């Protein structure tokens, strides 16, 4: 399990209560002002099963949806894209870009 730059950025935003804009690869764009901080989780397999993975994730709160091109294009495994909900962000659904409200890019998928 590796603590990545993505988790570091989200953790920092949580500490500072920074509003960020998250661009997902499916075209969804939303604002988030709060998150749970980074936590350890797994892919729901039993620890003895082949394919079991542990990883870091962060649940971000959705404060405003700026763009949602399709109503059913968000993977429900990570949460429902709806104002007031939390969705899980990890390396498995890494955003294309995270920026501040002034459009300063603080993380971009390579």
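Any read-out appearing in this document is the output of simple, stated calculations on the displayed coordinates, not a laboratory observation. In this text, all values refer to a predicted model and were calculated from it rather than measured experimentally. FYI the Cβ positions are ideal-geometry reconstructions off the backbone, even for glycines, and counts take in every protein chain you see.
Descriptive notes on the structure:
- Distance in nm between pseudo-label sites at residue 104 and residue 52 (7 Å out along the Cβ direction from Cα): 4.3 nm
- Convex hull of alpha carbon positions in the chain: directionally averaged projected area 7.1 nm².
- Which of 83, 110, 21 has the fewest Cβ neighbours within 10 Å, and the rest in rising order: 110, 83, 21
- Degrees, to the nearest 10: 5-16 long Cα axis against longest axis of the chain: 60 degrees
- Of the residues 44, 8, the one with the fewest other Cβ atoms within 10 Å heads the list, and the complete ranking is 44, 8.
- Footprinting exposure proxy for 105, 29, 20, 47 (fewest neighbouring C-beta atoms within 10 Å first): 47, 105, 29, 20
- Gaussian network model of the chain, Cα within-10 Å springs - most flexible of 40, 88, 64: 40
- Residues of the stretch 38-64 falling in the label zone of residue 1, defined by backbone nitrogen less than 20 Å from a point 7 Å along Cα to beta-carbon, are 38-60.
- Most mobile of 54, 80, 99 in a GNM of the chain (Cα contacts under 10 Å): 54
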